[in-house]
Amino acid sequence: MSRLAVIGAGSMGAQIAQQAALNGLSVRLQDQSEEQLAKSIESNRGHVMRRVEKGRLLQPQAVEALARVSATTDLAEAVGDADLVIEAVFEDLDVKRAIFAELDRLAPAGAVLASNSSTMGISKIADATKRPESCLNMHFFYPVLVMDLVEVVRGPHTSDETVGRAMAMAREMGRTAVLLNKEIDGFIVNRILHAATQEAYRLLDAGIATFEDIDTAVEKGLNWPLGPFRLGDFSGLDVTYNARLHMYRSTGDERYRPSAQLEAKVKVGKLGRKTGEGWYKY
Ligand SMILES: NC(=O)c1ccc[n+]([C@@H]2O[C@H](COP(=O)([O-])OP(=O)(O)OC[C@H]3O[C@@H](n4cnc5c(N)ncnc54)[C@H](O)[C@@H]3O)[C@@H](O)[C@H]2O)c1
């Protein structure tokens, strides 16, 4: 089986590593922070052991899957023999470019270098390496242990072989991969989610229906588990607002202008579940 290295042990990296290990892969998980590594290993233990309690996994398999993730702060040790590296550090272009430059120096010549970034296409990062043909995006969804999808996105220089190996790795990890042949902001899922959510905000701002009724319509009529306003409260209205503002500013397209009512919520600090109130009260 392939050897995987995951860089960044935050909410995404920790679970990407564990998901791969649950499917039999040996994984090195690297973070600059010892404390964060310890936290992720503990959190993964909780998730895996809950599966044992629920009878979905046998105890010896759980123990093996946990042991297959080895944690380190040493980047050279993490990637020295990797077939594929997935970077999942902070969403900061300079940090990601610095990591890719290091990966270029430290990872084996044939290794595939993938970024889990939600917003940065690999063309912004790959030229920090001398092997842009081996670089691409592999975009996982939170929480990775539950969400089945990976969007694999090729950059202008990504080779067919790199794409094939990333798709195969997603399958080895027990995940379903879809391929985007060209980079585009938001990839597939977030574009469709943004389009639907923007329409919901337009209906609200135009006084066509209340946010409660729009949520009910989407939940009962489209069978979405959460309507757009409930989902916004769950993810954080500041996150939803900033994503729109980013799209609006980078494209100048009126379709992405954030809703006036959404902006008002963010300005008064009603950000959803995390602040006790957003569209709904918690
Ligand atoms: N959270 C989500 O829902 C989600 C979904 C899909 C993709 N993503 C993407 O995944 C990436 C990580 O997001 P997250 O939510 O896990 O972030 P996070 O803040 O939870 O974790 C980031 C981790 O990176 C580590 N880190 C930072 N700089 C580092 C360095 N130089 N070397 C090693 N480790 C370093 C930090 O210590 C931290 O543990 C981002 O690019 C984000 O866009 C996030």
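The values are calculated or read from the model by the stated rules, or taken from the named source; none is laboratory data. This one's a predicted model, so the numbers in the text were calculated from it and none came from an experiment. FYI the Cβ positions are ideal-geometry reconstructions off the backbone, even for glycines, and counts take in every protein chain you see. Side chains are part of the model used for accessible areas, which takes the heavy atoms of the whole protein and leaves out ligands, DNA and RNA. Shrake-Rupley method; radii C 1.70, N 1.55, O 1.52, S 1.80 Å.
What's the FRET efficiency of T251 with R51 using the Cβ-Cβ distance as r and R₀ = 25 Å, to the nearest 0.05? Working from the Cβ atoms, E equals 0.05.
Protein heavy-atom accessible surface, 1.4 Å probe, per residue over region 150-282: 55 Å².
Per residue, how big is the convex hull around the C-alpha atoms of the chain? Give it to me in cubic angstrom, could you? Display every interim value, and only then the final one.
Working: hull volume 40.4 nm³, N = 282.
Expressed per residue, the convex hull around the Cα atoms of the chain is 143 Å³.
Starting from the residue with the highest accessible area, list E254, E53 in decreasing order, probe 1.4 Å.
On the way: E254 105, E53 150 Å².
Result of the area sort, largest leading: E53, E254.
Just going by the charge dipole of the chain, with Lys and Arg at +1 and Asp and Glu at -1 on Cβ, which of A166, V89, S235 is farthest out on the positive end? Going by the charge dipole, the pick is S235.
The long axis of helix 34-53 is offset from the longest Cα principal axis of the chain by roughly 80 degrees. When only the Cβ of Lys, Arg, Asp and Glu is charged (+1, +1, -1, -1), the dipole of the chain relative to its Cα centre reaches about 480 debye.
Can you tell me, using C-alpha contacts under 8 Å and at least 6 residues apart, the relative contact order of the chain as a whole percent?
Numbers: 494 pairs, mean separation 36.9, N = 282.
Normalised by residue count, the contact order of the chain is 13 percent.
Across the cross-link table entries K54/K270; K39/K274; K39/K267; K124/K281; K124/K267; K39/K265, which are compared at the Cα atoms, the separations over 30 Å belong to K54/K270; K39/K267; K124/K281; K124/K267; K39/K265.
Taking the longest Cα principal axis of the chain as reference, the axis of helix 11-22 is set at about 50 degrees. Taking A264, A111, A166 in turn, the Gaussian network model of the chain (Cα-Cα springs below 10 Å) assigns the largest fluctuation to A264. Magnitude of the charge dipole for region 109-235, about its Cα centre and with charges confined to Cβ atoms of Lys, Arg (+1) and Asp, Glu (-1), is about 480 debye. Using 0.36 nm per residue and subtracting the Cα-Cα separation, the extra length available between V189 and Q32 on full extension is 53.5 nm.
For the chain, with all protein chains present and a 1.4 Å probe, just round the carbon and sulfur fraction of the accessible area to a whole percent. Write out the running numbers ahead of the final one.
Numbers: 7500 of 13900 Å².
It is 54 percent, rounded to a whole number.
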